[in-house]
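Novice: A single structure is presented below for examination.
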Amino acid sequence: MSALPAATASPRAEFLASLRQIIDWLQAHRDVPAPFHLLGDKLYIYLHGEDPRAAMAAIARAMGNADKSIDGDHFELRRRFGVITLVASARRDEVCERVVVGTREVTRRAPDPHALAALPVVTVTEIVEDVEWVCPPSLLNPDAPSSAQSMAGAGAAPGSAAEPPPRVSAAEAVPAVHATAGTPPTVDGAL
């Protein structure tokens, strides 16, 4: 395996040497899935699919002395390679067994469901925005049309996916609600 450079090495050199250590380790352990997400100083292997428990067990054997941790609803194995930590992560409920070790009574405050059911429901009218996303020409190709131009491209059949849907104003889309003090609200004359 590649060794880390002397303590006086640059952060870039330490990072590259750490990547080489991980590459060497992955080449020696071909049954370990390839990592695909580098976040800060952590390189993640996400386990999901057919049998994440068996995959995690294989990675644990390959890592040898790994640190175990729980991060939210994920179980993780971590092993440090220089300045980078390789993390194997899977949903805890897919690799661990949930065991009830006891019960206890707790008291909490909650809304009264009968009182909530008695509350009236009203219809309200509000103004909502109709928006359209217009992207600038591609940075890689300044001559390319914007996404709005390419969506409404020449020859698009009416109603096709290439033609944007007709626009409807908020007033047309939402019926008006009318209310007078002491009377229930109505929607365009109906109760």
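Novice: Within the stretch 10-32, restricting attention to residues that are without any contact (Cβ under 8 Å) to a residue 60 or more places away in the chain and loosely packed, with under 13 Cβ neighbours inside 10 Å, which residue is farthest from ALA88 (Cα to Cα)?
Specialist: For the stretch 10-32, the residue satisfying everything is SER10.
Novice: Out of curiosity, is LEU39 surrounded by 12 or more Cβ atoms within 10 Å (Cβ to Cβ), more than 24 Å from CYS96 (Cα to Cα) and out of contact with any Ser or Thr (no Cβ under 8 Å at 6 or more places or on another chain)? Write out each step before concluding.
Specialist: Values: surrounded by 12 or more Cβ atoms within 10 Å (Cβ to Cβ): no; more than 24 Å from CYS96 (Cα to Cα): yes; out of contact with any Ser or Thr (no Cβ under 8 Å at 6 or more places or on another chain): yes.
When the stated conditions are applied, LEU39 does not pass them.
Novice: Under 7 Å between Cβ atoms, which residue pairs at least 6 apart in sequence (or on different chains) link something in the stretch 39-66 that is of a type in the set (Ser, Thr, Tyr) with a partner that is modelled with pLDDT under 90 and crowded, with 16+ Cβ neighbours inside 10 Å?
Specialist: From the stretch 39-66, the pairs are TYR44/PRO35.
Novice: Within the stretch 48-65, can you find the residues that are more than 27 Å from the chain's Cα centre (by Cα) and not charged (D, E, K, R)? So that I can check it myself, show each step before the final result.
Specialist: Step one: filter the stretch 48-65 for residues more than 27 Å from the chain's Cα centre (by Cα), giving 61-65.
Selection gives ALA62, MET63, GLY64, ASN65.
Novice: Now a separate question. Considering each of THR103, THR107, THR85 in turn, give the residue that is out of contact with any helix residue (DSSP H, G or I) (no Cβ under 8 Å at 6 or more places or on another chain) and touching a residue at least 24 places away in the same chain (Cβ under 8 Å).
Specialist: Just one listed residue meets the conditions, THR85.
The values are calculated or read from the model by the stated rules, or taken from the named source; none is laboratory data. From a predicted model like this one, the values you see are computed outputs, not experimental measurements. Cβ: placed from backbone, ideal geometry, glycine included. Neighbour counts: every protein chain shown.
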